[in-house]
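J.: Next up is a structure, given as structure tokens.
The values are calculated or read from the model by the stated rules, or taken from the named source; none is laboratory data. What you are looking at is a predicted structure, and each value in this text was computed from that prediction instead of being measured. Cβ atoms come from the backbone with ideal geometry, glycine included; neighbour counts cover every protein chain shown.
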Amino acid sequence: MKIHCIPLETPLNLEFRISRESMVNYKGLIIIAEHDGITGTGEGVPSSYYGHTLKDVLEECTCIDHKKIHSLEDLKIIKTELTPLKTSIDLLYHDLKGKEDKKPLFKLLNLSHEKKESSITIPLTESSHIPEILDESGISIIKLKLGEGVKKDLERLKAIREHTDCPVRVDANEGWTRNEATQMLKLLERHEVELVEQPLQKDDISGLRKLRSLTDIPIFIDEPIVFPEDVEKYADACDGVVVKVMKHGGVTPTLKCIKRAKELEKKVMIGCFLETSLGITAASHLLSLVDFVDLDGNLFLENDPFTGARITGGSIEPPLKPGIGVDFSPSFTFF
Ligand SMILES: [Mg+2]
């Protein structure tokens with residue numbers, strides 16, 4: 001089986017700013033392969049936060065021994081420590097396997113088809129821009145990026161609440177000190193925030209425990225939750241965890257993290273990176289397993305090479321087509 005590894009860089013339709021970084025481009029790996037007349041696709045997105053670059057991923061792609069891959073199961077012999085490549089191969093496997101078995105991915109995984117409401121992100125922006133964003137976006141659940149100090153963050157919260165009473169989930173992306181987080185929790189309560197993600201630095205487990213004792217707002221942990229054992233490590237410091245297909249290395253390890261979270265009676269949010277509709281659609285097949293949904297990464301790509309699951313009217317659902325269920329966008333050519 002010949003696996004085509006294609007680097008893809010495409011602009012975002014806005015500057016996506018969070019507390020520690022700002023992004024204006026999507027950069028990812030798309031893989032395409034044909035097996036028994038069926039074409040399958042996969043995607044992996046390198047995250048600088050986790051130390052991955054597209055250059056490293058592309059170099060690793062050159063080590064794939066295509067001659068040794070004869071069957072779908074052989075895709076599992078490709079060993080790599082680079083999560084983006086691991087993710088793209090896992091998605092390729094599931095896409096081809098679903099198409100071969102003529103089953104949509106959720107059915108292949110013995111899951112049910114569910115449609116769920118998803119939040120849409122408002123990146124860090126001036127509070128004066130927030131009313132305009134809310135008017136234009138049709139957002140029904142807000143995921144508000146914060147983590148830029150109490151004064152600016154409070155202005156953003158006020159701007160939201162002056163405009164809408166819809167559910168608001170806050171993500172500080174490790175941006176607050178302990179002192180700021182303690183102040184912010186009170187303000188989040190006052191502004192009826194539904195939950196808060198990653199209020200402190202990822203390693204500050206005792207700080208997270210303390211914060212949790214101070215509030216009824218559920219605290220979710222995202223950045224340090226990569227492996228199932230991480231869920232256990234943070235179990236007494238959080239109410240829930242954020243899983244992402246791109247973060248864990250594909251559907252298979254994401255299912256393991258969800259299973260561990262449920263065993264530990266933690267709530268689960270499925271989130272995403274800035275990724276194409278391929279990654280988002282793969283994640284949408286897991287909707288029946290999760291409590292909260294944040295699958296909006298494809299909405300920020302100026303040119304999405306795929307069409308698939310997409311938040312419409314505030315909700316998202318997996319396609320019923322075999323495999324992951326995406327099509328190539330008519331306007332996009334890879335070759
Ligand atoms: Mg997050």
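J.: Name the residue that is surrounded by the most Cβ atoms within 10 Å (Cβ to Cβ), counting only residues in segment 1-47 that are among the acidic types (Asp, Glu) and closer than 20 Å to Val245 by Cα.
T.: Here the residue is Glu43.
J.: OK, next. Out of segment 47-80, which residues are assigned to a loop (DSSP other than H, G, I, E, B) and closer than 23 Å to Leu96 by Cβ?
T.: Let us first name the residues in segment 47-80 that are assigned to a loop (DSSP other than H, G, I, E, B), namely 47, 51-53, 62-65, 69-72, 78-80.
Thr62, Cys63, Ile64, Asp65, Ile69, His70, Ser71, Leu72, Ile78, Lys79, Thr80, listed by residue number.
J.: Let me ask something else about it. What are the residue pairs meeting all of these: first residue in segment 280-305, first residue under 15 Å from Thr252 (Cα atoms) and away from the ligand (no atom under 15 Å from the Cβ), second residue basic (Lys, Arg) and not in a loop (DSSP other than H, G, I, E, B), Cβ atoms under 9 Å, and 6 or more apart or on different chains?
T.: Within 9 Å, the pairs are Ser284/Lys116; His285/Lys107; Leu287/Lys116; Leu289/Lys259; Leu289/Lys262.
J.: Among the candidates Ile258, Ile217, single out the residue that is closer than 21 Å to Arg169 by Cβ, away from the ligand (no atom under 14 Å from the Cβ), part of a helix (DSSP H, G or I) and touching a helix residue (DSSP H, G or I) at 6+ places or on another chain (Cβ under 6 Å). First the steps, then the outcome.
T.: Details: Ile217 fails: part of a helix (DSSP H, G or I).
Step by step, each of Ile258, Ile217 is checked, and only Ile258 is closer than 21 Å to Arg169 by Cβ, away from the ligand (no atom under 14 Å from the Cβ), part of a helix (DSSP H, G or I) and touching a helix residue (DSSP H, G or I) at 6+ places or on another chain (Cβ under 6 Å).
J.: For segment 231-242, what are the residues that are within 14 Å of the ligand (Cβ to nearest atom) and free of Cβ contacts under 8 Å to residues at least 40 places away in the same chain?
T.: Tyr234, Cys238, Val241
J.: For Ser112, state whether it is under 18 Å from Gly323 (Cα atoms), modelled with pLDDT of 95 or more and surrounded by fewer than 16 Cβ atoms within 10 Å (Cβ to Cβ). Quick ask: steps written out before the conclusion?
T.: Details: under 18 Å from Gly323 (Cα atoms): yes; modelled with pLDDT of 95 or more: yes; surrounded by fewer than 16 Cβ atoms within 10 Å (Cβ to Cβ): yes.
Yes, satisfied.
J.: When you go through (1) in contact with a Gly (Cβ under 9 Å, 6 or more places away or on another chain); (2) buried (at least 16 other Cβ atoms within 10 Å of the Cβ) one by one for Ile133, which number turns out not to apply?
T.: All conditions pass for Ile133, except number (1).
J.: For segment 160-178: of the residues being outside any loop (DSSP other than H, G, I, E, B) and crowded, with 20+ Cβ neighbours inside 10 Å, which is farthest from the ligand (Cβ to nearest atom)?
T.: Ile160
J.: Against the condition assigned to a helix (DSSP H, G or I), closer than 21 Å to Val242 by Cα and away from the ligand (no atom under 15 Å from the Cβ), how does Arg212 come out, does it pass?
T.: The answer is yes for Arg212.
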